[in-house]
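Just below is one structure, and these are the notes that go with it.
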Amino acid sequence: MNKALLLGVAAVFLGACASERVVLLPSGDGAPGAVVVRDQAGEIRLDQPYAALKRTLDSNRVYQSSPQEVSERYGQALAVQPPRPSAYILHFESGGNVLTAESQAALEVIRKEVAERPASEVLVIGHTDRVGSADGNARLSLKRAELIRDVLVDSGVDAGKLETVGRGESDPLVPTADEVDEPRNRRVEINVR
């Protein structure tokens with residue numbers, strides 16, 4: 001589904017005829033998405049924002065919905081959905097716990113979102129590049145994750161919302177050989193849901 005939001009309203013009974021609608025909404029990050037609807041008649045692929053399918057017991061009708069129709073038909077249901085998860089990446093200077101200037105600035109945005117999101121859960125995952133030993137990198141990655149957790153807690157975020165994990169060099173963003181200094185791998189990922 002490629003992070004696209006699929007809105008389906010199933011089995012609305014209209015007399016003896018049941019119908020179902022499926023509407024593909026645009027994804028929050030602009031990434032293209034698609035959904036395939038299968039039944040005994042075959043497959044129908046919806047791969048454009050607001051592409052829609054109305055199914056009844058005896059037919060399928062593909063049409064182009066609109067933001068207005070979605071708002072009118074499903075506005076109340078969409079209004080009570082929790083916010084979509086957010087993901088952030090913060091990068092570090094080589095060999096330690098110092099955030100890059102760009103990541104330091106981004107931390108303010110993250111603090112605000114976590115503080116304002118109701119009932120949020122935050123997973124903070126530390127990573128390293130492949131310079132140094134695997135054991136040392138495992139410790140450093142956890143230290144980085146704990147540093148970001150502490151910064152968030154110091155800014156007023158409830159510690160009970162936060163979980164930290166260190167992955168060391170085991171999950172690089174950019175695969176490299178051992179002892180290669182790759183700045184994009186020295187990171188903390190923050191998943192807010």
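The values are calculated or read from the model by the stated rules, or taken from the named source; none is laboratory data. Everything numeric here is computed off the predicted structure, so don't read it as measured data. Glycine also receives a Cβ, built like all others from the backbone with ideal geometry; neighbour counts cover every protein chain displayed.
Table for the structure above
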read-out: Odd one out for Tyr63, checked against (1) assigned to a helix (DSSP H, G or I); (2) surrounded by fewer than 15 Cβ atoms within 10 Å (Cβ to Cβ); (3) free of Cβ contacts under 8 Å to residues at least 24 places away in the same chain; value: (1)
read-out: Search result, residues across the stretch 149-193 that are hydrophobic (A, V, I, L, M, F, W, C), outside any strand (DSSP E or B) and surrounded by 13 or more Cβ atoms within 10 Å (Cβ to Cβ); value: Val151, Leu152, Val153, Val157, Leu173, Val180
read-out: Positions within the stretch 17-36 being among the aliphatic types (A, V, I, L, M), in a strand (DSSP E or B) and either closer than 14 Å to Ser65 by Cβ or at pLDDT 90 or above (or both), in sequence order; value: Val22, Val23, Leu24, Leu25, Val35, Val36
read-out: Residues of the stretch 126-148 that turn out to be buried (at least 21 other Cβ atoms within 10 Å of the Cβ) and either assigned to a helix (DSSP H, G or I) or under 22 Å from the mean Cα position of the chain (by Cα) (or both), as a count; value: 9
read-out: Any chance Lys112 is in contact (Cβ under 8 Å) with a residue 12 or more places away in the chain and not aromatic (Phe, Trp, Tyr); value: no
read-out: Positions within the stretch 76-103 being of a type in the set (Ser, Thr, Tyr), surrounded by 14 or more Cβ atoms within 10 Å (Cβ to Cβ) and not in a helix (DSSP H, G or I), in sequence order; value: Ser86, Tyr88, Thr100
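For (1) assigned to a helix (DSSP H, G or I); (2) at pLDDT below 95, each residue gets a yes or a no:
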site	(1), (2)
Pro49	no, yes
Tyr74	yes, yes
Ala105	yes, yes
Glu113	yes, yes
Val124	no, no
